[in-house]
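Note sheet for the following structure.
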Amino acid sequence: MALVKWVSNPILPPNKREIKMRKLDSTKVRPLKSEQLLRIEDHDFALRPGFGGSPIPVGIDVQVESIDRISEVDMDFTMTLYLRHYWKDERLSFPSTKNKSMTFDGRLIKKIWVPDVFFVHSKRSFIHDTTVENVMLRVYPDGNVLFSLRITVSAMCFMDFSRFPLDTQNCSLELESYAYNEDDLMLYWKHGNESLSTDEHISLSQFFIEEFSASSGLAFYSSTGWYNRLFINFALRRHIFFFVLQSYFPAMLMVMLSWVSFWIDRRAVPARVSLGITTVLTMSTIITGVSASMPQVSYIKAVDVYLWISFLFVFLSVIEYAAVNYLTTIEERKQLKKRGKASGTYSIDAVQAMAFDGCYHDTDADMDLPAFPVRCEENMTRARAASIPNLSATRIKRKRSLKGNVGRIILQNNHVIDTYSRIIFPSVYIVFNFFYWGLYM
């Protein structure tokens, strides 16, 4: 019914004034404030709905927007999600002919009761505020309320790195009421397992997200009692390819490179020692780099097993040459003593000449070299002087003889330990790889 107002016509004389009706402009009618419509001032919203009665049910559903970060060092994860609360507060019911809801922003939330849900084991969290605070409150005529937030939270994830980097981590984000135990508030998933939804495009650089699931339980605190707790569970399986390129493959190459020393002549001391030290230092660098990117845990990880055993193979190759060099020196001393006792001179054969000038020597070619007296310096000087004209011819003859006989000379100068090491080291390492990948994969 339109509002009307009686007015008099000022043009007509007072004695003949006519009373006319004029409709009021509906746009100038002052609307009721939201506080007046919801009768906020008439109730004490410091108390929960139905205070003193049964616990108020609060339904929860979550939409995961993204998993922003997984940190092995800090053992936590960062997730952005939409958190929605559903409950009924009859104090907020209002009359409506079309049964339409009213939507408000965050300014009304401070004036009414809302559930005090928090994230258990959270380290940091915040509500997004660009361009305005991402908070929405929707009230229905019957008193049902929808309260939605867009939140980024960082929470702890108790990770087990015993199988790293061939591991699967199970993390969970836990929700619970801070003040209201199960006698006052019943927290539950609004639509069961369908209450948890995820964005189809969620992906991580180092992990494959295997599954998301929702569950619920109870938590007990000795001072306040039992509380309803909701869980957002997700499993993360690590991508192995990155670590194969960064750790496993370089370690394999270093181990195989250390085997090259078994094929180098045992008299090439600088070559074999430098090769062994280089591979040892490279393996140490790889192990240090992996440890720097991991938390300081007190147990052995799968990558530690592989790297340290690879380091052991490289280290043993250095020890192997130390043993070969030592046994070779002892053997040559015994031979020199035997020859010295028999003839009183030390003859230079192919192996011993290698120690003097660092070159390979053919036995037949080097037979022209003179003998060295043991106790007579004058004879030694004369022998050296007599051999000077023949040095150039001897070296040319030596080089010609080496062209087709290098392989034979290397095999003749090998120690028996080198011969066995060429077979044992690769065989044991291959067996180790079969056991390792079969166990952890």
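The values are calculated or read from the model by the stated rules, or taken from the named source; none is laboratory data. All values reported here derive from a predicted model rather than from experimental measurement. Quick reminder, even Gly has a Cβ in these numbers, built from the backbone with ideal geometry, and neighbours come from all protein chains shown. These area figures cover heavy atoms from the full protein model, side chains too; ligands, DNA and RNA do not enter into them. Shrake-Rupley method; radii C 1.70, N 1.55, O 1.52, S 1.80 Å.
Summary table
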| read-out | value |
| --- | --- |
| Filter on K88/K110; K88/K190; K123/K190 - keep pairs with C-alpha separation over 24 Å | K123/K190 |
| Per residue accessible area of segment 156-281, 1.4 Å probe, in Å² | 52 Å² |
| Charge-dipole axis of segment 71-122 as Lys and Arg at +1 and Asp and Glu at -1 on Cβ define it, positive-most pick from I112, S122, Y82 | I112 |
| Space enclosed by the convex hull of the alpha-carbon atoms of segment 97-148, per residue, Å³ | 95 Å³ |
| Protection-proxy order for peptides 57-63, 243-249, each taking the mean of Cβ atoms within 10 Å per residue, highest first | 57-63, 243-249 |
| Measure of compaction for segment 178-304 (Cα Rg per 2.2 N^0.38 Å) | 1.90 |
| Hz values of 3J(HN,Hα) by residue in segment 260-266 - Karplus curve (6.51, -1.76, 1.60), Gly and Pro given as x | 4, 4, 5, 9, 8, 4, 5 |
| Heavy-atom SASA rank of V64, V428, V132 (probe 1.4 Å, accessible area, largest first) | V132, V428, V64 |
| Ratio Rg/Rh [Cα only; Rh per Kirkwood] for segment 59-189 | 1.07 |
